[in-house]
Amino acid sequence: MPRHLPLRARLHLEPLEHRRLLTTLAGARIFYNGSWFDGNDTAANAADDGAIALDKSAFFSNVLFDVQPLTANPTTDSNPRVFGDKVVWQGTGGTDAGTDDEIFYFDGNTIIQLTENSVPDRNPEISELGIVWERGNGTTQEIIFWNGSESALTSNAVFDGESSISSQRVSWQQGSGAALEIWSYDGVNPPINISNNAVVDVQSYADAGQVIWVTDSVPNRKVLRFNGNSTAILGTSEYSIEDPRSDGVYAAWEGFKAGTTNDREIYFYNGVVLTRLTTNTFGDFDPQISDGNVAWWGGIFNDFQISLYDGNTVREISTGIRNQFPQLDGRNVVWQGYDGQDDEIFLWDGYKVTQLTDNTVNDTRPFISGNHIVWQAASSGVGTSQEIMHTYFTHETATVANITSYSRGINGIMVDLADLPAETVLTADDFRFRVGANNAPESWADAPAPSAITMRPGEGQGGSTRITITWENGAIKNTWLEVVARGNDSTGEFNLNTGLTTSEIFYFGNRIGDTFIDSPPTVATTTAADELAARFNPGFNQPLTNPYDFDRNRAVSAGDQLIARNNQGLLFKLDLRSPAEVPAGILVATDADDSGIAFALAIAAKASEDAEASSPLTATNWRPARFRR
């Protein structure tokens, strides 16, 4: 079954300066401030507990995943790579029971052994073009390509290695010493020497129809990129440059900072300008790039952290210690990190960190493609063999359980924090609030400032501290509210006051006048059908959960009908999958605009027709009922 680990289980060991942070989130609720159920008291106090929306909950967009082993044998399987649901790796033995490494391929359904010989086959890479790997030892190593059948791209008496594959090209380095050159194969024509010079060329990386690599030696080190026709210089340095990566016009690499011999920094080329992303006094290593995002690891004395550049800012996305070897696809980043016992696999999905493994063996060197992740895991505590693990992750998506229909909008929430020190005083600065109506919270605007924040130690869930936060009526309506309880991470800007090791992020929605009956799968809509539904279900002394009592005054009356009539529209049910999945035929708003209004009107018209057809009354022969409280 898909699962997610609770936040409190994600990390077991923190750096010394973090270990006092023991506060955990015990609950997050929404309530109807100023309603009959809290005595129409707009002040934040204990009476508000009676107005908690019992049928509503916060939306956390938890990552769902299911880890599956692809191998289970007494030999070593390692170096997995993934493209979509297809995986390749090297494994000792195989059908010939030899002691050399062979190449194995999982096509999404079946594991196929691609090689069977007495020489090592290692370091496979995969793309839609095919699979490439290296065969042999020392100076006799060759490059092998497979796209349904095997072919040797090289056959010579020199070393061929460091192979890379993209959607359109294979690249590798050939030779030794000063004679090292970069070669490329486009899947059709014979391989060509694309460096073809008298200096050292190393560390090639294929990207679509391009190849990037490092050329020459200190003090004339350069980063070159071949675009299929010509070669351009992207960067130069009199100091060392290593590990170049490319993605379209973008590129990144690590290099020594001027005047130092041990401080590696990360450099980013945006197609026009070269920028140094890091300015610190410790090493930064192994940059990876995707869609203009760059991830790397750096630090000192095991305090290694994963950093991410999103095109605008650099942030640390990891906590704990010994975080290394990130890989990314779009905004999703995976890496290995130490949990106090062994190495585990972590995922950053653009919003928060999820720990994907929690066991007693080392899980290392993850790779990601879309929503598929692979890594190698020790099959025993002594590490006598390695297995290949795979998971496909997705996200929970918001439902009507995360959206209220309250006519005053979102005007009250409660956040319960367990083990919060008694002397702590929290203010609005310990939270971040944003509002928006699309699937990209990073584009949302700041929410209106709260009108009040109060704390009640011991009165929250399980004896926790209850923090009640209120807004003016109507200040936040027909939209989503993002709440960040700021912890000691980059999302919380390293806030220590809450005592949270990592920030807690959750959402509440509001769509005034929506009964949520027969709600479409991806949107909450207020239509004429909701107005009619309120008309056909009048009554007094209604419970807090009555779907037709939009103003929460315990009476369903003409007032509720008018609320629905005056608030027709839609709110997308928040979907933080990347990309969000929307059924065909629905026009998706890509920003906080009105691009989905045509769909809203179509939904409203259809819902109105359905409601009237199911009732003996029609829109032309009914009159609003009069109620007296």
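Report, by residue number, each residue of region 454-473 that is farther than 28 Å from E316 by Cβ and assigned to a strand (DSSP E or B).
T454, M455, R456, R466, T468, T470
Condition (residue is touching a helix residue (DSSP H, G or I) at 6+ places or on another chain (Cβ under 7 Å), part of a strand (DSSP E or B) and touching a residue at least 60 places away in the same chain (Cβ under 8 Å)) applied to region 423-437: is it met by at least one residue?
Yes, there is a match, as at least one residue in region 423-437 is touching a helix residue (DSSP H, G or I) at 6+ places or on another chain (Cβ under 7 Å), part of a strand (DSSP E or B) and touching a residue at least 60 places away in the same chain (Cβ under 8 Å).
Quick check on region 311-361: of everything there that is farther than 25 Å from Y269 by Cβ, assigned to a strand (DSSP E or B) and among the charged types (D, E, K, R), which residue is nearest to the chain's Cα centre (by Cα)?
E344
Just checking, how many residues over region 275-302 are surrounded by 15 or more Cβ atoms within 10 Å (Cβ to Cβ) and part of a strand (DSSP E or B)?
Number satisfying all stated conditions: 15.
Search region 270-295 for residues that are without any contact (Cβ under 8 Å) to a residue 40 or more places away in the chain and on the phi < 0 side of the Ramachandran plot and pair each with any residue that is surrounded by 19 or more Cβ atoms within 10 Å (Cβ to Cβ) and charged (D, E, K, R) when their beta-carbon atoms are under 6 Å apart and the residues are at least 6 apart or on different chains.
R276/E265; T278/E265; T278/D284; G283/R264; D284/R264; D284/E265
Would you say E134 is touching a residue at least 24 places away in the same chain (Cβ under 8 Å), touching an Asp or Glu at 6+ places or on another chain (Cβ under 9 Å), surrounded by 15 or more Cβ atoms within 10 Å (Cβ to Cβ) and on the phi > 0 side of the Ramachandran plot? Show your work before the answer.
Numbers: touching a residue at least 24 places away in the same chain (Cβ under 8 Å): yes; touching an Asp or Glu at 6+ places or on another chain (Cβ under 9 Å): yes; surrounded by 15 or more Cβ atoms within 10 Å (Cβ to Cβ): yes; on the phi > 0 side of the Ramachandran plot: no.
The answer is no for E134.
Considering T71, T76, which residue is in contact with a Ser or Thr (Cβ under 6 Å, 6 or more places away or on another chain) and either small (G, A, S) or surrounded by 18 or more Cβ atoms within 10 Å (Cβ to Cβ) (or both)? Break it down stepwise before answering.
On the way: T71 fails: in contact with a Ser or Thr (Cβ under 6 Å, 6 or more places away or on another chain).
Of T71, T76, the one residue that is in contact with a Ser or Thr (Cβ under 6 Å, 6 or more places away or on another chain) and either small (G, A, S) or surrounded by 18 or more Cβ atoms within 10 Å (Cβ to Cβ) (or both) is T76.
Check region 131-143 and report whether any residue there is over 19 Å from I182 (Cβ atoms), modelled with pLDDT of 95 or more, in a strand (DSSP E or B) and under 33 Å from the mean Cα position of the chain (by Cα).
Yes.
Suppose we filter D489, D446, D518, D530 for residues that are touching a strand residue (DSSP E or B) at 6+ places or on another chain (Cβ under 9 Å), charged (D, E, K, R) and within 30 Å of Q568 (Cβ to Cβ); which single one remains? Write out each step before concluding.
On the way: D489 fails: within 30 Å of Q568 (Cβ to Cβ); D518 fails: touching a strand residue (DSSP E or B) at 6+ places or on another chain (Cβ under 9 Å); D530 fails: touching a strand residue (DSSP E or B) at 6+ places or on another chain (Cβ under 9 Å).
None of the others qualify; the one that does is D446.
So which strands (runs of 3 or more DSSP E) stay within region 194-250 end to end and still have 1 or more residues that are modelled with pLDDT under 95?
Values: elements: 201-207, 210-215, 221-226, 231-237, 241-247.
In region 194-250, the matching strands (runs of 3 or more DSSP E) lie at 221-226, 231-237, 241-247.
Which numbered condition in (1) closer than 22 Å to R408 by Cβ; (2) at pLDDT 95 or above; (3) among the β-branched types (V, I, T) is the only one that I517 fails?
It fails just one condition, (2).
Looking at T354, T394, can you tell me which residue is among the β-branched types (V, I, T), closer than 30 Å to D286 by Cα and out of contact with any Pro (no Cβ under 9 Å at 6 or more places or on another chain)?
T354
When you scan region 399-422, how many residues do you find that are closer than 16 Å to W471 by Cβ and in a helix (DSSP H, G or I)? First the steps, then the outcome.
To start, the set of residues in region 399-422 that are closer than 16 Å to W471 by Cβ comprises 404, 406-415.
Remaining after also requiring in a helix (DSSP H, G or I): none.
Here the count works out to 0.
Could you list, in sequence order, the residues of region 439-466 that are touching an Asp or Glu at 6+ places or on another chain (Cβ under 6 Å) and more than 20 Å from A43 (Cβ to Cβ)?
Selection gives N439, P441, Q461, S464.
The values are calculated or read from the model by the stated rules, or taken from the named source; none is laboratory data. Since the model is a prediction, treat every value here as computed from it, not as a measurement. When we count neighbours, we look across all protein chains shown, and the Cβ atoms used for this are built from the backbone with ideal geometry, even at glycine.
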